[in-house]
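Input: a single structure, listed below in structure tokens.
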Amino acid sequence: MSVIDEVKSRLDIVDIITESVTLKKSGQSYTGFCPFHSNTKTPSFVVFPHTQTWRCFGACAEGGDLFSFIMKREGCDFKEALTLLAHRAGVVVEPPTPEATQQEAVQHKLFELNAAAALYFHQLLLNSSAAATTRQYIAQRTLTTETIATFQMGYALHQRDALKQHFMGRGYSEADLIAVGLLIQPDDGSESYDRFRHRLMIPIRNPKGQVIGFGARALADTQQPKYLNSPQTALFDKSATLFGLDLAKQHIHQKNQVIIVEGYMDVIQAYQRGARNVVAQMGTAFTEPQLKLVAGRHTQIVLALDSDAAGNAATLRSLSLARQWLPKKARPNLTTRGGVDYEAYTSQELYVAALPQGQDPDDVLKQGLAVWQKLIDQAMPALDFYEQIILKQTNLQTPQGKAQVVHELMPLYREIEDEVEKTARVQQLARKIGLDERLLIAELKNNPVKLAPTKTLAPQPVLNGKQPAPFEKAKTVPSGLEEYCLAIIITQPTTLVLANEMLEKHRLASLTMHDFNQADNKEIFRSLELWTVSEVPRFEILLDMVGELFEPKLKFLLNHWHRQLTLLPLEQIGRGLISCIIEMRASYCKKNINEVALLQQEMQLQGDYQSSHYYGAIATKHIEQLTLINLTQKSLSISGQILARTNNNNKPLSSSRLKSY
Ligand SMILES: [Zn+2]
């Protein structure tokens, strides 16, 4: 049994979830208010003890197993969730390989070196006579002794290799010093020397508080550049770092808000003035990994930008990109004509607070925390901000200008969750740029990704107050469908694209990680999605992508199915994938229908008619979805049988048969 299975077998999902959600027994299941979205009217969150899974039937429409729940609750990755749960279950996670141990030892030494260097610089700043002018500079910026100590600010001597001499006598090698970026090794092979000389040193830490690199500010006017960072090292990746997060994370959590400023001096000053949920990006552009550090949960993200940066093209581009990076959710939607389509929407908004002309955060904070807070409270949703700037910067008198505005804004409007808001925005835009709103609404709907409604569905049964529709009794989802699906993609990466195209033709959503219930399968699928579009998808690359944690599972998938799959013609494998996806969806859909119908009855018995009605509506929605799936299954002439169970008929599909797809 793998560690993952062992942990699952020892823990009960109901026990773990009741620690953070108040659950009420409703028939075989447990219901409660979803901890991941803020609706408190209906208990849309359901835990199913017999399958050890959970699902939110409300706004987030998410679900999964115990691991998925912990990952979402803690905002952590799979590995961290495993560590946490293994500890709870008393399961020992397998000892690391010798290479991993070796690597960890090296990393540990480098962390130690960075910590020692931070202390070395700090002591110099406090005590060295050479740092006198630097102490004056800091005094001018009104930083207190406490702040200097909190951020462990330091000073690098104005000498060629003072740091090198200091550390090489203390158990560190030249290679170590180069590895963390403290020394520069010239290309011509001449003597290495200190990277940071005569600079104000600011240690940069990871969220755990370990020093990963340094930011260094010039102290003389002649020094270039003004700010110098450590280079990219094994410990430091500036595009995935937010300065100050180690100190700010607790305050971010308390305030449910994170404020992102441009420079680390801004963070230090803000901290001293009492604004402690502030972090800084490390370069000019805001990156996806940086956003991921703070996205999730219900944290409001506010970018505090100076007025120059706020209006420039690079910032706008990164804003529009950042919106796309925010976690996306897929939500099944009932179309007006009775079909179901999946719509992706951004569940979190990014806000922008533009600082007054010519002021940096400290100028605002100097006027008091209340003034700062007011500025932050007035932050605009990035979309409004973006819209405002685009309209301001474009010449709306010309047809090209109008087209450009529509082109820039329409993709962002399509992501808006609320239909009323979406339409209102389009109408507003139509007025502002003087175009017929019908034209824009047509453009809005002209979304190639979105699936068209289907016309062929018969009127659906209404469930309210009646027996659940006569679908077969709920049974657990056949184990292995998820795994089989993954195995096919691993064996034949091209089948994923083909299957998705086919699904789209049948007005069904593409395969996403939400189709999987098991957190490890979700994670593997996420890697597979990237891997299948890589230039040459080789298995070794995939192993690297998923990491050692999922290596055993990947190998299992290959050993179990790969051989028989490679014997089959490509078309047949592709067909196998589609039928597998459809069967998986049908199976989950049936399960949901049965669960929800039971809940509906249960609520009615308890006299809670509002909830009963709510579940009835959800059941109807799922029944419609199942009908669509069944129709597709029929039209693909897949009689619910997946490839692995058919006889070993290797005859490729005839081309006429393929055309009918
Ligand atoms: Zn929810």
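Observations, loosely collected:
- Considering segment 37-69, the residues that are aromatic (Phe, Trp, Tyr) and under 25 Å from residue 10 (Cβ atoms) include one that is nearest to the ligand (Cβ to nearest atom), namely 45.
- Lone unmet requirement of (1) over 25 Å from residue 294 (Cα atoms); (2) away from the ligand (no atom under 16 Å from the Cβ); (3) without any contact (Cβ under 8 Å) to a residue 60 or more places away in the chain; (4) open to solvent by 60 Å² or more (accessible area, probe 1.4 Å) for residue 10: (3)
- The residue that is farthest from the ligand (Cβ to nearest atom), counting only those in segment 13-36 that are farther than 21 Å from residue 601 by Cβ and not in a loop (DSSP other than H, G, I, E, B), is 15.
- Every pair of residues 6+ apart whose Cβ atoms lie under 7 Å, when the first sits in segment 418-447 and is among the polar types (S, T, N, Q) while the second is part of a helix (DSSP H, G or I) and buried (at least 16 other Cβ atoms within 10 Å of the Cβ): 447/414
- Within segment 160-173, not a single residue is among the acidic types (Asp, Glu) and under 41 Å from the mean Cα position of the chain (by Cα).
- Looking across segment 27-44, the residues that are within 23 Å of residue 82 (Cα to Cα) and out of contact with any Phe, Trp or Tyr (no Cβ under 6 Å at 6 or more places or on another chain) come down to 35, 36.
- Every condition in (1) in contact with a Lys or Arg (Cβ under 6 Å, 6 or more places away or on another chain); (2) assigned to a helix (DSSP H, G or I); (3) hydrophobic (A, V, I, L, M, F, W, C) is met by residue 442 except one, and the failing one is (1).
- Condition broken by residue 152, with the remaining ones in (1) assigned to a loop (DSSP other than H, G, I, E, B); (2) open to solvent by less than 50 Å² (accessible area, probe 1.4 Å); (3) more than 23 Å from residue 279 (Cβ to Cβ) satisfied: (3)
Every residue, every condition in (1) closer than 25 Å to residue 93 by Cβ; (2) assigned to a helix (DSSP H, G or I), yes or no:
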{"site": "495", "(1), (2)": "no, yes"}
{"site": "536", "(1), (2)": "no, no"}
{"site": "543", "(1), (2)": "yes, yes"}
{"site": "556", "(1), (2)": "yes, yes"}
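- When the test is whether a residue is modelled with pLDDT of 95 or more, under 16 Å from residue 119 (Cα atoms) and among the β-branched types (Val, Ile, Thr), residue 204 passes it.
Residues are listed down the side, and each one gets a yes or a no for (1) among the β-branched types (Val, Ile, Thr); (2) assigned to a helix (DSSP H, G or I); (3) open to solvent by 50 Å² or more (accessible area, probe 1.4 Å):
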| residue | (1), (2), (3) |
| --- | --- |
| 575 | no, yes, yes |
| 582 | yes, yes, no |
| 587 | no, yes, no |
| 591 | no, yes, no |
| 620 | yes, yes, no |
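- Hey, residue 89 more than 16 Å from the ligand (Cβ to nearest atom) and open to solvent by 30 Å² or more (accessible area, probe 1.4 Å) or not: no
- Scanning segment 365-379 for residues that are farther than 15 Å from residue 260 by Cα and free of Cβ contacts under 8 Å to residues at least 12 places away in the same chain turns up 367, 368, 370, 371, 374.
- Residue within segment 71-85 that is polar (S, T, N, Q) and away from the ligand (no atom under 14 Å from the Cβ) present: yes
- When each of 105, 131 is tested for being away from the ligand (no atom under 16 Å from the Cβ) and crowded, with 21+ Cβ neighbours inside 10 Å, the lone residue that passes is 131.
- Among (1) in contact with a Phe, Trp or Tyr (Cβ under 7 Å, 6 or more places away or on another chain); (2) at pLDDT below 90, the one test that residue 67 misses: (2)
- Enumeration of residues in segment 352-406 that are open to solvent by less than 10 Å² (accessible area, probe 1.4 Å) and not in a helix (DSSP H, G or I): 352, 353, 355
- Residue check for residue 283: surrounded by fewer than 22 Cβ atoms within 10 Å (Cβ to Cβ) and either hydrophobic (A, V, I, L, M, F, W, C) or at pLDDT 85 or above (or both): no
The values are calculated or read from the model by the stated rules, or taken from the named source; none is laboratory data. Keep in mind the model is a prediction, meaning the values are calculated, not measured. Note that each Cβ is placed from the backbone with ideal geometry, even for glycine, and that neighbours are counted across all protein chains shown. Just so you know, the surface numbers come from the protein's heavy atoms only, side chains and all, with ligands and any DNA or RNA stripped out. Shrake-Rupley method; radii C 1.70, N 1.55, O 1.52, S 1.80 Å.
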